[in-house]
Amino acid sequence: MALLEIENLHAGVDDKAILNGFDLTIQAGEVHAIMGPNGSGKSTLSYLLAGRDGYEAQNGNVRFDGADLLDMEPEARAIAGMFLAFQYPLEIPGVTNMTFLRTALNAVRRGRGEDEMDPASFLRMVREKSRAMGVDDDMLKRPLNVGFSGGEKKRNEVLQMAVLEPRLAILDETDSGLDIDALQTVADGVNAMRSDARGMLVITHYQRLLDFIKPDFVHVMVHGRIVRSGGPELAEELERSGYGAYLGAETGGQGNEVGAAHA
Amino acid sequence: MKWGPRMLDATAHFETIHERLPGGAEVLQARRSALARAEQTGLPTRRNEGWHYTDLARLLKQNDAVPVRANAFDANALAPLQMVFENGLLIDEPAGDDCVTIESLAHALASGARNHVGDASDNDMAAFNLALAQDGAVITIDGTPNQAVELLTRGDENAHLRHTIKVKRGTVTLIENLQANGYTNAVLDVEVDPGARALLVRIQSAGHHVGLTRVSLNGDGAFCAVTFVTGGNLARHETHIRLLGEGARADVHGAILGHGTMHADMTSQLNHEIAKTDSLTTLHAVLDDAAQGVFQGKVVVARDAQHVDAQQQSRAMMLSERAHMSAKPELEIYADDVACAHGAALGELDADALFFLRSRGIDEAAARHMLISGFLAAPLAHIENEDLRACVAAHVSAHVPGCENDGEGVNAELADA
């Protein structure tokens, strides 16, 4: 059974069609990258998969580990093993990073029918994982993301991923706002989590991130659907030639399809 | 309810109780003139500038209002020196300790001390209070006590309480635990000598409370009040502070956990009468149902009071379309080299933040609780005593508006924080 199976997904915001028959299958152990120009629907896809209000599928199916994902509340998706690393992580005043991590982990564990983690084991585990992400004690004690730099926020996202150990991690433009050192740290954190049991979906505008997180598959997304799929070499090709050809091809392709339907 | 109509007839009430009122002939004379003044002005209405957002006469006539209550706040874990006032009379007088002298107002007046009834010339409600106050606390602090001092008010009857606190040396933590169900008019006069500090934590969980706190900071002393209104149909907490010595520091922080038909008013006036004095006034209001919040903050900086830093901030989180917030920050500055600012913000629960927390597995109720508690963490942080802060955090966490309050996991987390 596939980890994630998206079939003919259609979605829009305010009457504007954003996803137009999107298909994608991810098996456990695979890292997929979706690349596309601005406005191609990448962020809509990630919000829709995570269950954000206002992002509803009009048509199509999404199965996650065999279950109907679109029927699930955001917290149920997290419990089932879905994780979205936000492009713009939210600042939550008055809630320390540590409290947040412990609340989230225990909520997920309860939801999975597991026991809550005792405070001592939790502290040990978080310390170890934070060190790997370059998140120091001070960042754990501070209110969640408040006053964090762009790089700190992204490292903190990957720390949350490491703590929650999801089945599928979606990284939405995780490279945005990062300098090269921060990018390396974040990528190391993500790579350390690659496993046969876990899938990843890396969403990015630029090829740069894929130098650090090597995908197994690369997909080009334009106008809300995948127009081409290939291996890692596709990312390099895009870096050289840009999205221009696909924007044209997609318009032409749609025309042909419409023509064919009329014929 | 008994408090309504009887409150409005102060003279009749005075005639009923005046033989039981403490104090000699001189005090009685002061009471009679205060009563005459009170009767002449009557209870404040919207026409009184300081009461524009809180129509006291109208609010006190609402006899049929559904009581808005929270659980009683319990600070017993701190083992404070506790004075319990029931229906306006002290029922339990603690011994005090090496650096705390505690006496009831009744005893203090019986021994002839006129000054404990204070002054009522500048405030309508203080006039009612002076005329009718039967009891109160008279406390002198000389050194830092090991325990906090708690003034606990309870009962169902009308009550007029008048407390006087003098802090000569050291730091005292005061707890005003307001649990009375009826109408209470309380005046708290605080005098802080140079180098001393008075830290007041006030919790109102029930009733109709009209309180006036008057503070004089005589030198480089400090006063910090943190007030939480978690229950009660009417809360009016008015604070007047005079900063009279260089290096004086005043903090007035409030939090309103508004629900039902609660009307909670935080009014303050800070007079920076001398240079190099600082103040910070904040309000965090969370308003659900038909709750009403009021922030009236005034800062006055005298002509030669240079290098004053005075900040005011009112923030409200609106959880219901029927809730209402009024904010009137005010600066009156006569000096020219000061750093003063004020601001008022009003918003809703952040839907993006809610989604962020839910996407990490935290259910909607717990996520709401976490965000609203987080908003209320700022006033909690101003409570210096850690044990007391944990007590108040637990009480606040159990009464976060707009939540089922069954997220006990989150409650424990907040109490740790």
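The values are calculated or read from the model by the stated rules, or taken from the named source; none is laboratory data. Source: prediction; values computed, not measured. Note that we place each Cβ from the backbone using ideal geometry, even for glycine, and neighbour counts take in every protein chain shown.
From the list A:101, A:105, A:168, A:144, pick out the single residue that is within 11 Å of chain B (Cβ to nearest Cβ), within 25 Å of residue A:51 (Cα to Cα) and touching a residue at least 60 places away in the same chain (Cβ under 8 Å).
Details: A:105 fails: touching a residue at least 60 places away in the same chain (Cβ under 8 Å); A:168 fails: within 11 Å of chain B (Cβ to nearest Cβ); A:144 fails: touching a residue at least 60 places away in the same chain (Cβ under 8 Å).
The match here is A:101.
Within the stretch B:139-151, track down each residue that is buried (at least 22 other Cβ atoms within 10 Å of the Cβ) and either closer than 18 Å to residue B:109 by Cα or not assigned by TED's automatic domain parsing to the domain that holds residue B:97 (or both). Steps first, please.
Taking the stretch B:139-151 as the starting set, the residues that turn out to be buried (at least 22 other Cβ atoms within 10 Å of the Cβ) are B:139, B:141, B:149-151.
Of everything in the stretch B:139-151, just one residue is buried (at least 22 other Cβ atoms within 10 Å of the Cβ) and either closer than 18 Å to residue B:109 by Cα or not assigned by TED's automatic domain parsing to the domain that holds residue B:97 (or both), namely B:139.
Among the residues of the stretch B:128-150, which ones are more than 13 Å from residue B:172 (Cα to Cα) and not aromatic (Phe, Trp, Tyr)? So that I can check it myself, show each step before the final result.
Taking the stretch B:128-150 and keeping what is more than 13 Å from residue B:172 (Cα to Cα), we get B:128-138.
Listed by number, the residues that qualify are B:129, B:130, B:131, B:132, B:133, B:134, B:135, B:136, B:137, B:138.
If residue B:115 passes every condition in (1) among the polar types (S, T, N, Q); (2) closer than 30 Å to residue B:398 by Cα; (3) at pLDDT below 90 but one, which one does it miss?
Result: residue B:115 fails condition (2) only.
Grab the helices (runs of 4 or more DSSP H) fully contained in the stretch B:334-417, keeping just those with 1 or more residues being of a type in the set (A, V, I, L, M, F, W, C) and modelled with pLDDT of 95 or more.
Numbers: elements: B:351-358, B:364-375, B:377-381, B:386-397, B:408-416.
Ranges flagged: B:351-358, B:364-375, B:377-381, B:386-397.
Quick one: residue B:228 ticks every box in (1) of a type in the set (A, V, I, L, M, F, W, C); (2) crowded, with 24+ Cβ neighbours inside 10 Å; (3) free of Cβ contacts under 8 Å to residues at least 60 places away in the same chain bar one, so which box is it?
With respect to (1) of a type in the set (A, V, I, L, M, F, W, C); (2) crowded, with 24+ Cβ neighbours inside 10 Å; (3) free of Cβ contacts under 8 Å to residues at least 60 places away in the same chain, residue B:228 is out only on (3).
Among the numbered criteria (1) crowded, with 17+ Cβ neighbours inside 10 Å; (2) among the small types (Gly, Ala, Ser); (3) more than 18 Å from the chain's Cα centre (by Cα), which single criterion is violated by residue B:285?
(3)
Of all residues in the stretch A:57-89, count the ones that are within 8 Å of chain B (Cβ to nearest Cβ) and surrounded by fewer than 17 Cβ atoms within 10 Å (Cβ to Cβ).
Total meeting the criteria: 1.
Note down all Cβ pairs under 6 Å where the first residue falls in the stretch B:278-303 and is closer than 20 Å to residue B:318 by Cα, the second is among the acidic types (Asp, Glu) and buried (at least 24 other Cβ atoms within 10 Å of the Cβ), and they're at least six residues apart or on different chains.
Taking only residues 6 or more apart or on different chains, the pairs are B:294/B:265.
Counting only residues that are under 26 Å from the mean Cα position of the chain (by Cα) and surrounded by 23 or more Cβ atoms within 10 Å (Cβ to Cβ), which one in the stretch B:335-370 is farthest from the other protein chains (Cβ to nearest Cβ)?
Taking the candidates together, the pick is B:369.
Scan (1) within 18 Å of residue B:161 (Cα to Cα); (2) at pLDDT 80 or above for the single condition residue B:100 breaks and write down its number.
(1)
Can you tell me which residues in the stretch B:28-61 are loosely packed, with under 15 Cβ neighbours inside 10 Å, assigned to a loop (DSSP other than H, G, I, E, B) and in contact with a helix residue (DSSP H, G or I) (Cβ under 9 Å, 6 or more places away or on another chain)?
Those that are loosely packed, with under 15 Cβ neighbours inside 10 Å, assigned to a loop (DSSP other than H, G, I, E, B) and in contact with a helix residue (DSSP H, G or I) (Cβ under 9 Å, 6 or more places away or on another chain): B:42, B:45, B:46.
If the requirement is being modelled with pLDDT of 95 or more and closer than 16 Å to residue B:378 by Cα, which of these qualifies: B:270, B:280? So that I can check it myself, show each step before the final result.
Details: B:270 fails: closer than 16 Å to residue B:378 by Cα.
Result of the check over B:270, B:280: B:280.
What single numbered condition from (1) buried (at least 21 other Cβ atoms within 10 Å of the Cβ); (2) at positive phi fails to hold for residue A:54?
Failed condition: (1).
Give the stretch B:181-200 a look and list any residue that's within 21 Å of residue B:382 (Cβ to Cβ) and in contact with a Leu (Cβ under 6 Å, 6 or more places away or on another chain), or say none. Break it down into steps so the answer makes sense when it comes.
Going through the stretch B:181-200, the residues within 21 Å of residue B:382 (Cβ to Cβ) turn out to be B:188, B:190, B:192, B:195-200.
B:192, B:200 - these are the residues of the stretch B:181-200 that are within 21 Å of residue B:382 (Cβ to Cβ) and in contact with a Leu (Cβ under 6 Å, 6 or more places away or on another chain).
Here is a list of conditions, (1) part of a helix (DSSP H, G or I); (2) within 18 Å of residue B:363 (Cα to Cα), and residue A:45 meets all of them except one; can you say which number that is?
Going through the list (1) part of a helix (DSSP H, G or I); (2) within 18 Å of residue B:363 (Cα to Cα), residue A:45 breaks only (2).
Can you pull out the residues in the stretch B:291-315 that are crowded, with 24+ Cβ neighbours inside 10 Å and in contact with a Leu (Cβ under 7 Å, 6 or more places away or on another chain)?
Across the stretch B:291-315, the qualifying residues are B:293, B:295, B:299, B:310, B:314.
Among (1) modelled with pLDDT under 95; (2) more than 24 Å from residue B:243 (Cα to Cα), which single condition is residue B:315 missing?
Condition (1) is where residue B:315 drops out.
If we keep just the residues of the stretch A:171-195 that are in contact (Cβ under 8 Å) with a residue 60 or more places away in the chain and assigned to a loop (DSSP other than H, G, I, E, B), which is surrounded by the fewest Cβ atoms within 10 Å (Cβ to Cβ)? Walk me through it before giving the result.
First, pick out the residues of the stretch A:171-195 that are in contact (Cβ under 8 Å) with a residue 60 or more places away in the chain: A:171-174, A:176, A:192, A:194-195.
Of the ones still in play, those that are also assigned to a loop (DSSP other than H, G, I, E, B) are A:173-174, A:176, A:194-195.
Numbers: A:173: 21, A:174: 25, A:176: 14, A:194: 16, A:195: 11.
Residue satisfying both the conditions and the ranking: A:195.
Over 21 Å from residue B:138 (Cα atoms) and in contact with a Cys (Cβ under 8 Å, 6 or more places away or on another chain): which single residue out of B:251, B:220 fits that description?
Values: B:220 fails: in contact with a Cys (Cβ under 8 Å, 6 or more places away or on another chain).
Every option except B:251 fails the conditions.
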